[in-house]
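Written below as structure tokens is the structure these notes are about.
The values are calculated or read from the model by the stated rules, or taken from the named source; none is laboratory data. Predicted model only: the values in this text are computed from it and were never measured. Please note: Cβ atoms are built from the backbone with ideal geometry, for glycine as well, and neighbour counts cover all protein chains shown. All accessible areas refer to the heavy atoms of the entire protein, side chains included, with ligands and DNA or RNA removed. Shrake-Rupley method; radii C 1.70, N 1.55, O 1.52, S 1.80 Å.
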Amino acid sequence: TFRLADSLPASVVREIETERAQWLSARGIRHQAAGWKHEFAKLPSDERRIYEKLVGRMLNESLDKCEGACVLRDVSIARKVATALDLFHLSRVMTGDFVVMPNHVHALLTPCPGYDLEDILHSIKSFTANQINQALGQTGSLWQRESYDHIVRDLQQLEAYQQYIAANPFKAK
């Protein structure tokens with residue numbers, strides 16, 4: 001999931017960060033330390049899923065309120081994001097299911113060998129930010145710097161994410 005820079009109020013971001021910090025701290029992980037994701041990966045899978053559900057629920061519920069300018073509501077703007085996801089398909093990433101919502105994007109992405117997910121997302125976000133800002137006659141940050149990602153560990157989890165992506169537009173109205 002990656003989102004527009006104005007998609008979440010600062011109070012919601014602080015609330016999510018506080019919950020994240022408390023949850024990780026209770027497990028001996030300092031979330032601001034450079035290697036926190038490596039330490040997180042050492043946790044048992046059931047613990048990681050609890051975390052992902054907690055943070056994911058908070059994030060998705062807030063995003064589905066469609067706050068901010070919601071520039072992706074414009075079909076021609078949303079199409080630029082969809083085109084970029086397709087553009088990098090098979091060259092840098094295997095693009096699976098995705099949905100472009102008014103203020104965020106959900107996508108199932110598998111990096112191709114030799115590519116890192118963070119670098120791929122940076123490329124997609126940079127490419128689309130330039131196109132969208134030009135179309136809107138604006139400059140500045142379009143996307144939030146960080147993305148919310150996690151590894152899909154099994155077929156059941158993959159199917160759950162596919163169902164979520166398919167249902168998200170209807171759920172968020």
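The table below lists the values:
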| read-out | value |
| --- | --- |
| Residue check for Gly35: open to solvent by less than 30 Å² (accessible area, probe 1.4 Å) and among the small types (Gly, Ala, Ser) | no |
| Arg27, sole failed condition from (1) assigned to a loop (DSSP other than H, G, I, E, B); (2) among the charged types (D, E, K, R); (3) open to solvent by less than 60 Å² (accessible area, probe 1.4 Å) | (3) |
| Yes/no for Ser147 being within 24 Å of Ile16 (Cα to Cα) and either of a type in the set (A, V, I, L, M) or in contact with a helix residue (DSSP H, G or I) (Cβ under 9 Å, 6 or more places away or on another chain) (or both) | yes |
| Filtered residues of segment 142-173 (kept if part of a loop (DSSP other than H, G, I, E, B), within 21 Å of Lys65 (Cβ to Cβ) and touching a strand residue (DSSP E or B) at 6+ places or on another chain (Cβ under 9 Å)) | Leu142, Gln144, Glu146, Ser147, Tyr148 |
| Among (1) over 18 Å from Pro169 (Cα atoms); (2) open to solvent by 50 Å² or more (accessible area, probe 1.4 Å); (3) modelled with pLDDT of 90 or more - the single one Ala69 does not satisfy | (1) |
| Residue that is least open to solvent (accessible area, probe 1.4 Å) [pool: residues in segment 130-141 that are touching a helix residue (DSSP H, G or I) at 6+ places or on another chain (Cβ under 8 Å) and in a loop (DSSP other than H, G, I, E, B)] | Gly140 |
| Matching option when the condition is of a type in the set (Val, Ile, Thr) and at pLDDT 90 or above, among Val75, Val13 | Val75 |
| Only listed residue being aliphatic (A, V, I, L, M) and in contact with a helix residue (DSSP H, G or I) (Cβ under 6 Å, 6 or more places away or on another chain), chosen from Ile124, Ile120, Ile165 | Ile124 |
| Members of segment 78-129 that are over 19 Å from Ile151 (Cα atoms), open to solvent by 20 Å² or more (accessible area, probe 1.4 Å), modelled with pLDDT of 95 or more and aliphatic (A, V, I, L, M) | Ala82, Val100 |
| Pairs, first free of Cβ contacts under 8 Å to residues at least 12 places away in the same chain in segment 61-86, second surrounded by 18 or more Cβ atoms within 10 Å (Cβ to Cβ) and part of a helix (DSSP H, G or I), C-beta under 9 Å, six or more apart | Thr83/Thr128 |
